[in-house]
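Below: the structure, in structure tokens.
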Amino acid sequence: MSPMKLSVLLTLSLAAGCATDFSKRGTESEFAAVTSNEQKHAAEALRLDCSGLPEIAVPAGSTWTPAGRIPEGAVLRCTSHVIQIRSGHVHEAYLVADGSTLVGAYLPVLRRFFAADPELSTPWTTEDLQ
């Protein structure tokens, strides 16, 4: 094989290996959908670090609605923005809250939960907490 062909093959194999496969990370979680008109609003922007995922940015003023439950907590979907995780593929990400604590993120297409490290207080406005 010529050095040029070998160089091209090596480059292509390295590029293919750069894409992160989230389907092999996190914890598979059983999702139960809920229907709710309840809305929560993020009073401030925050960044959520989850084991195995790129950082998740939660915009100030974003609107969140309950989408379902998993064993780890309530699953909240952003209805004012699309929260995406990018790495090779693009995945929509939902927040997971247990009471007033953000405990992680849920990728609905993969049905996987990713624990927050560290867990954070929920960013909801004071009106949402009443």
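The values are calculated or read from the model by the stated rules, or taken from the named source; none is laboratory data. Worth saying up front: this structure is predicted, and the values here are computed from it rather than measured. Neighbour counts are summed over all protein chains in view; Cβ atoms, including those assigned to glycine, are modelled from backbone coordinates with ideal geometry.
Name every residue in the stretch 104-115 that is surrounded by fewer than 20 Cβ atoms within 10 Å (Cβ to Cβ) and either assigned to a strand (DSSP E or B) or touching a residue at least 24 places away in the same chain (Cβ under 8 Å) (or both), in order of residue number. Give the steps one after another, and end with the answer.
Of the residues in the stretch 104-115, the ones surrounded by fewer than 20 Cβ atoms within 10 Å (Cβ to Cβ) are 108-111, 115.
Within the stretch 104-115, PRO108, LEU110, ARG111, ALA115 meet the criteria.
For SER87, which of the numbered conditions (1) at pLDDT 95 or above; (2) over 19 Å from PRO123 (Cα atoms) fails to hold?
Checking SER87 against (1) at pLDDT 95 or above; (2) over 19 Å from PRO123 (Cα atoms), the one that fails is (1).
Would you mind finding the one in THR79, THR101, THR63, THR122 that is in contact with a His (Cβ under 8 Å, 6 or more places away or on another chain), closer than 20 Å to GLU38 by Cα and of a type in the set (Ser, Thr, Tyr)? Working first, answer last.
On the way: THR79 fails: in contact with a His (Cβ under 8 Å, 6 or more places away or on another chain); THR101 fails: in contact with a His (Cβ under 8 Å, 6 or more places away or on another chain); THR122 fails: in contact with a His (Cβ under 8 Å, 6 or more places away or on another chain).
Sole residue among the options that is in contact with a His (Cβ under 8 Å, 6 or more places away or on another chain), closer than 20 Å to GLU38 by Cα and of a type in the set (Ser, Thr, Tyr): THR63.
Of the residues in the stretch 23-72, how many are in contact (Cβ under 8 Å) with a residue 40 or more places away in the chain, part of a strand (DSSP E or B) and surrounded by fewer than 12 Cβ atoms within 10 Å (Cβ to Cβ)?
Matching residues across the stretch 23-72 total 1.
Under 7 Å between Cβ atoms, at least 6 apart or on separate chains: pull out the pairs that start in the stretch 73-85 with a residue that is farther than 13 Å from ALA57 by Cα and end on any residue that is modelled with pLDDT of 95 or more and among the basic types (Lys, Arg).
Listed pairs, sorted by first residue: VAL75/ARG69.
Here are some conditions: (1) more than 19 Å from LEU110 (Cβ to Cβ); (2) modelled with pLDDT of 80 or more; (3) not hydroxyl-bearing (Ser, Thr, Tyr). CYS78 meets all but one. Which one does it not meet?
(1)
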